[in-house]
1. How many residues does segment 162-195 hold that are among the hydrophobic types (A, V, I, L, M, F, W, C) and assigned to a loop (DSSP other than H, G, I, E, B)?
2. Would you mind stating whether Thr209 is of a type in the set (S, T, N, Q), surrounded by 14 or more Cβ atoms within 10 Å (Cβ to Cβ), farther than 24 Å from Tyr125 by Cα and at pLDDT 90 or above?
3. Looking only at segment 186-206, count how many residues are exposed (fewer than 13 other Cβ atoms within 10 Å of the Cβ) and either touching a helix residue (DSSP H, G or I) at 6+ places or on another chain (Cβ under 8 Å) or under 13 Å from Val221 (Cα atoms) (or both).
4. Please give the number of the condition Glu77 fails out of (1) without any contact (Cβ under 8 Å) to a residue 60 or more places away in the chain; (2) surrounded by 16 or more Cβ atoms within 10 Å (Cβ to Cβ); (3) in contact with a strand residue (DSSP E or B) (Cβ under 9 Å, 6 or more places away or on another chain); (4) not assigned by TED's automatic domain parsing to the domain that holds Ile196.
5. Can you pull out every residue in segment 153-185 that is under 15 Å from Thr209 (Cβ atoms), touching a helix residue (DSSP H, G or I) at 6+ places or on another chain (Cβ under 7 Å) and hydrophobic (A, V, I, L, M, F, W, C)?
6. Could you grab the pairs with beta carbons closer than 8 Å, sequence gap of 6+ or different chains, first residue in segment 16-28 and within 13 Å of Val52 (Cα to Cα), second one of a type in the set (D, E, K, R)?
7. Could you identify the single residue in Leu137, Leu130 that is in contact with a Gly (Cβ under 7 Å, 6 or more places away or on another chain) and among the hydrophobic types (A, V, I, L, M, F, W, C)?
Amino acid sequence: MSNIYEGKTTNEAIENGLKDLKVNKNQVEIKVLESDDKRSFFSILAPRVVRVEMKLKDSPTSNVNKKRVVPTDESVEKAREDVEEFIKLFIEKLPSDDITYDIKVENGDLIVDMNGQDTGYLIGYRGAVLNSIQVLLTSVANKNTSEKVRVLLNIGGYKEKREEDLKILADKIAGTVIRTRKSITLEPMNSYDRKIIHTKLQENNKVETYSIGEEPNRRIVIHLKR
């Protein structure tokens with residue numbers, strides 16, 4: 001979500017925004033909507049107004065104040081029934097005949113685990129297929145409920161392996177940033193992967209992280225702390 005702020009100069013508009021959001025300049029994305037340098041001869045006597053658009057950067061702490069509403073047991077149970085019915089039909093259509101599943105409820109979320117001898121094609125490159133199936137299951141879970149029920153899918157222990165790989169990558173990139181004193185922008189990642197990187201590098205007191213760009217091409221930037 002972005003906000004618009006005004007000032008007599010660009011710097012004043014930015015300062016007004018930073019004070020309102022209670023953040024520093026490194027924590028926001030700034031877009032100048034009206035520059036104080038672009039004034040015509042005919043507007044020279046008009047009051048100077050500069051507008052900037054400011055948006056909080058993606059970080060693990062950006063959603064701290066957002067309290068999640070846990071769905072009722074009735075909604076969760078209805079979602080679980082719909083998801084299980086869908087998964088049974090889904091598995092019947094798969095080329096593998098040894099795929100098993102398990103559905104658990106934790107804090108109002110549906111935790112779905114699928115396993116089998118060959119599950120690679122259900123995971124896809126860097127979890128792309130897995131993420132698509134998770135989106136599909138979430139849609140199924142919420143088709144008959146008025147409350148939001150989250151579905152978290154794991155296939156063949158992929159998420160544990162992916163998390164470990166990303167933590168190793170985060171430490172490696174942070175080391176390069178510290179050594180070269182130059183920022184590094186990672187390739188696009190989904191929100192789940194970005195959160196792992198952000199969280200891991202919160203432990204490092206020499207670097208900071210933030211995200212740039214729009215989905216699905218949002219990237220993490222790792223830079224030295226100032």
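The values are calculated or read from the model by the stated rules, or taken from the named source; none is laboratory data. Note that the coordinates shown come from a computational prediction; the quantities given were computed from them, not determined experimentally. Note that we place each Cβ from the backbone using ideal geometry, even for glycine, and neighbour counts take in every protein chain shown.
1. Count: 2.
2. Yes, satisfied.
3. Matching residues across segment 186-206 total 2.
4. (2)
5. Matches in segment 153-185: Leu166, Ala170, Ala174, Ile184.
6. Hits for this filter: Asn16/Glu6; Leu18/Lys25; Val28/Lys55; Val28/Lys57.
7. Numbers: Leu137 fails: in contact with a Gly (Cβ under 7 Å, 6 or more places away or on another chain).
That would be Leu130, the only listed residue that is in contact with a Gly (Cβ under 7 Å, 6 or more places away or on another chain) and among the hydrophobic types (A, V, I, L, M, F, W, C).
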